[in-house]
Each structure stands twice: as structure tokens, then as C-alpha cells.
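Below: the structure, in C-alpha cells.
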Amino acid sequence: MKKILAMAMAAAMVLSFAACSSKQDSSSEEVKEPTVATGTYTVYNTTGDKITELYLHEAGSEDKGENLAGENGMKNYRSKVLTFEGAEDTTLSLEWVTANGDTGSFDTLHIEEAPVALISTDAAAGATPVKFEVPTAEGVYTVYNTTGETVTELYLYEAGSEDKGENLAGEGLADAASVELKKEGAVDFALVLEFTTESGYTGSFDTLHNEVAPISLLSEDAAAGATMIKFAKPE
């Protein structure tokens, strides 16, 4: 009888160990690896100054990684697309330094896809130094005709667009005359300035940005196959 009882107790212990092992295996199977995701941020410089240092790193890390502003820095009203891959619950820090020494940071950035506008210290005034929006600005260009003949067609439109819009030369822009053109849009989109003279000569510049600038339209001889405009007022 004692022998039978001992065998029964041993069997019970085996079953108990098996049950515990089963629970442990089940528990192990439920542990999941963290989901990896990629954050994508279009960062716009609206600080009013060139950004010389730009970093995107995990919050709390002493390693800021590469200076994403690059060797030449990031001019005002320019943008860069930054990416970061990590666990989807990772918190990131975005830090920057401007040419005049102003610094800014945002330390609770999450893995997501978003536009991020960096603003000046004065504009932030102690509040959040970023805005999660695509900033806009108005480009103002005083265009001078120095081609030596009348400009019959003049267009200013977004690069890549098939719609050139209105002929801004009107009834014709005489030689030595000027006209002020304005265009509002995202601070970093590229514009095309295109013109045609009465002789049929055409010129264009397709990397114009939102800014305030004088632009002289050059003659075919003055351009000599190079840039057909000059960012200067005629002397």
C-alpha cells in the first residue's frame, strides 16, 4: 500500500512539474519583441539664421550622432528630411545650434511622420521652440529687364507644375523696365522664373526659393550659356 501511495505521489509531482513547465513555456511565448518603426520628419529652418548643428537622437543619450546640418549648414527657409529607426515607443530629442550661437531643443519627439518647423529664440519666448506644421512665406522679387529688348512673356510658378499661370509681362515688359512679382507657399519649395523676348529668345531659372531679392533678366550674349538671370539690381 505504501509503495502504491509513493508511486501516486511521484506521478503527481511529475504532472505538477509538467504543468509548471507548460506555464513557463506559455509565458515565454507571450513575450514579444518591441515593434520597430521609422520616424520621418521634414525639418524646416525658420529661425531667421543659418543652422550650423542639427542632431536627432534618443532622448537621454549622450551620443548625439552625426551633425545632420552638414558641412555647409542649413540656411534659413530650407528643409531637410530626417529619419530615425527604433522601437515605436522611443522618445527622441531634436537639437540645433544657429550661426549666432542660439540653441534649441525639443525632447519629447515620438516615432511618427511629421513636419517640424524650428523657430527663433525670440519667437519661442520660453515656449515650445518647434511647430508641427509646414511653414509658409512670401517670396518677393523685383525683376529687371536687361535683355536689350521687350520681354513678351514672363512666368513664375512652382517647379514641376504644368500650369505656368498668368503671363506676368502683361502687354510687354520694355527693356530697362521692372516689375515686382510675389509668390506665397511652403518656405522651401522651388520656383521657376521663365521669360521670352520679342525675338524669341527664352530663358529660365528653376531653383528659385521664397526670398526677397532683385533679379536681372540677362540677354543671350550676357548669359553666354550660363545662368540666364543675375541676383542683382542693374547698375
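The values are calculated or read from the model by the stated rules, or taken from the named source; none is laboratory data. The structure presented is a predicted model; accordingly, all values stated were derived computationally and were not measured. When we count neighbours, we look across all protein chains shown, and the Cβ atoms used for this are built from the backbone with ideal geometry, even at glycine. Accessible surface is based on the protein model in full, side chains and every heavy atom, while ligands, DNA and RNA are left aside. Shrake-Rupley method; radii C 1.70, N 1.55, O 1.52, S 1.80 Å.
Summary table below
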item: Residues THR42 and GLU149, FRET efficiency given R0 of 41 Å [Cβ-Cβ distance, rounded to 0.05]; result: 0.45
item: Built amide H within the under 5 Å cut-off of LEU109, gap 5+; result: LEU92, LEU94
item: Counted charge near LYS183, where neighbours are those whose Cβ lies closer than 10 Å (Asp, Glu -1; Lys, Arg +1); result: -2
item: Local electrostatic count, LEU92, Cβ distance below 9 Å [Lys/Arg +1, Asp/Glu -1]; result: -2
item: Charge dipole (debye, nearest 20) of the chain; +1 at Cβ of Lys and Arg, -1 at Cβ of Asp and Glu; result: 1360 debye
item: Charge sum, other residues only, whose C-beta stays under 9 Å from VAL140's C-beta, Lys/Arg counted +1 and Asp/Glu -1; result: -1
item: Calculated Cα Rg over 2.2 N^0.38 Å (choose from [x] 1.00; [y] 1.09; [z] 1.79), label; result: [z]
item: Rounded percent of accessible protein surface that carbon and sulfur make up, the chain, 1.4 Å probe; result: 48 percent
item: Antiparallel DSSP beta bridges within the chain, as percent of all bridges there, nearest 5; result: 80 percent
item: Protein-only accessible surface order, largest first, of LYS233, LYS183 at 1.4 Å; result: LYS233, LYS183
item: LYS233-ASP63 FRET efficiency (beta carbon distance; Förster radius 45 Å; 0.05 resolution); result: 0.40
item: Solvent-accessible surface (1.4 angstrom probe) belonging to GLU58, in square angstrom, nearest 10; result: 90 Å²
item: Surface accessible to a 1.4 Å probe, GLU88 within the full protein complex, Å²; result: 110 Å²
item: Rounded Å value of the spacing that divides the Cα centres of region 59-90 and region 140-188; result: 37 Å
item: Helix-only [θ]222 nm of the chain, DSSP H runs n ≥ 4, -39500 (n - 2.57) each, per residue, nearest 500; result: -5000 deg cm²/dmol
item: Whole-Hz couplings from phi, Karplus 6.51/-1.76/1.60, listed for region 142-154; x for Gly and Pro; result: 8, 9, 10, 8, 10, 7, x, 8, 6, 8, 8, 9, 8
item: Accessible area (Å², per residue) of the chain, counting only protein heavy atoms and a probe of 1.4 Å; result: 60 Å²
item: Dipole of the chain, positive direction: furthest Cα of SER105, THR46, GLY70, with charges on the beta-carbon; result: SER105
item: Table column - 3J(HN,Hα) (Hz), region 38-48, Karplus curve with 6.51, -1.76, 1.60, x for Gly and Pro; result: 10, x, 10, 10, 8, 9, 10, 8, 10, 7, x
